[in-house]
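The values are calculated or read from the model by the stated rules, or taken from the named source; none is laboratory data. Just so you know, these numbers come straight off a predicted model, no measurement behind them. Using ideal geometry, Cβ is built from the backbone for each residue, glycine included, and neighbour counts are taken over all protein chains shown. Side chains included, ligands, DNA and RNA excluded: accessible areas come from the protein's heavy atoms. Shrake-Rupley method; radii C 1.70, N 1.55, O 1.52, S 1.80 Å.
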Amino acid sequence: MKIKVAALSILLFGMTFLFNGCITPYEPITTFEEVHQQQEKKIEQHVQHSIRQSSDSAGIYESLAFGELYVYKPQIFYTLDSLYTIKDSLIRTNQQREIIISNLELYIEENQIAARQQMDEIRYEKEHVYCVRGDQYHTIRSEIFYLDHMDSVLSVYRKFNFSIPRSSFNQYKNYLFEMHFTTPRELYISTAERDFIRLFKIKEMELYGTDEHEPFLRHTLQLMNLASTINTIDYVALTKSIASTLITQKSPETEIKEIGALIVSENQAKQVIGYEIPVTWKDSKTAQGTITSILEFDPYLRLLNLTETKNL
């Protein structure tokens, strides 16, 4: 059975007594934070060793983040948790006599013995996101680590693996940790910026394990770079800037005459399904009238289609 670390307080409280018996006031007790730090250190050491042993992973390791801790434990530990909960409740309600009458301490001791015998069946699960830094490109990886009760790594499952240009690495950290990115100033992230990042993260999760994952992440970081350049994540401003760039790339003599209004397409549930923007331009070299280009984007501002009409 899988539980989050937040549900472990009773378990770990019980395990403190399980291993230490009666603890004197001067005996050091390992805290939850120290347990997490020990596990994360073991994972980092495992990754660094793997990188050194791998011929295709040359680069410098940089730890980025760890996910939530999950615990898989035998049923006996849930029974022990329940007994500790009952004891705690009786103590808080000043019913110590009930603890004696019910032989609760005896039941706890019996289950402690049984739990001690099944300690080696406990498993921990923790996700680790890290970077292998290269000269031109950095590789970002997310792996799920499974550890035993001694914090030894039993197995590793790779969740995703992609590369990004070195120049996009700082922007990726803004994305990963949801930090302010539209200006170089050190400010708190705005609600609009956070909503933007979370929208793209939801889509990213859908693409785990597919060929689209890496291109989508690179596109996202390019958008964030653009937003940083123009100091806004306003979709009208972003689409106008993207459209202008795409059209001017057509010819060194391109002259944009007009960028029309952004059209938003929605489905029946009022969810955005795409954007469309017209651009009127001319090639000064040919001087044969203007051209109107219609650029169509998906909800994440990826170009889907571009159609052109000549205006004589």
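Things worth noting here:
- Accessible surface for SER284 stands near 60 Å², nearest 10, in the context of the full protein assembly shown (1.4 Å probe).
- Using only alpha-carbon positions in the range 53-144, the gyration tensor eigenvalues give semi-axes of 48, 15, 8 Å once each is multiplied by 5 and square-rooted (largest first).
- If R0 is 35 Å, the Cβ-Cβ spacing of MET119 and TYR208 corresponds to a FRET efficiency of close to 0.55.
- Taken along its principal axes, the alpha carbon cloud of the range 223-312 reaches lengths of 45, 31, 18 Å, longest axis first.
- Accessible surface, per residue, of the chain when the full set of protein chains is kept, probe 1.4 Å, Å²: 59 Å²
- Taking the accessible area of the chain, probe 1.4 Å, and keeping the other protein chains in place, the carbon and sulfur fraction comes to 51%.
- Shape annotation for the range 77-217: C-alpha extents along the principal axes are 69, 36, 25 Å, from largest to smallest.
- Phi-based couplings in Hz for the range 104-112 (Karplus 6.51, -1.76, 1.60; Gly and Pro marked x): 4, 4, 5, 4, 5, 4, 4, 6, 4
- The string of couplings for the range 200-213 from the Karplus curve (6.51, -1.76, 1.60, θ = phi - 60°) is 6, 5, 4, 5, 4, 4, 5, 9, 3, x, 10, 5, 7, 4 Hz, one whole number per residue in order, with x for Gly and Pro.
- Charged-residue dipole, Cβ positions (Lys, Arg, Asp, Glu), the chain about Cα centre, Debye nearest 20: 580 debye
- Proximal charge balance of LYS240 [Cβ under 15 Å; K/R count +1, D/E count -1]: -3
- Near GLY260, the amide H atoms lying under 5 Å from its own belong to VAL279, THR280; only residues 5 or more places off or on other chains count, and H is placed 1.01 Å from N.
- Computed with a 1.4 Å probe over protein heavy atoms only, the accessible area of ARG198 comes to about 120 Å².
- Principal axis extents of the C-alpha atoms in the range 175-261 (largest first, rounded to whole Å): 41, 35, 22.
- Under a 5 Å amide H cut-off, with hydrogens placed 1.01 Å from N, GLU127 pairs with GLY67, GLU68, PHE145 among residues at least 5 apart or on other chains.
- P(r) of the chain over all Cα-Cα pairs, binned every 20 Å from zero, in whole percent: 23, 39, 26, 10, 2, 0
- Net charge of neighbours whose Cβ lies under 14 Å from the Cβ of SER228, counting Lys and Arg as +1 and Asp and Glu as -1: -1
- In the range 95-152, a dipole from Cβ-located charges (positive for Lys and Arg, negative for Asp and Glu) runs towards its positive end, and of SER142, ILE108, SER152 it is SER142 whose Cα lies farthest in that direction.
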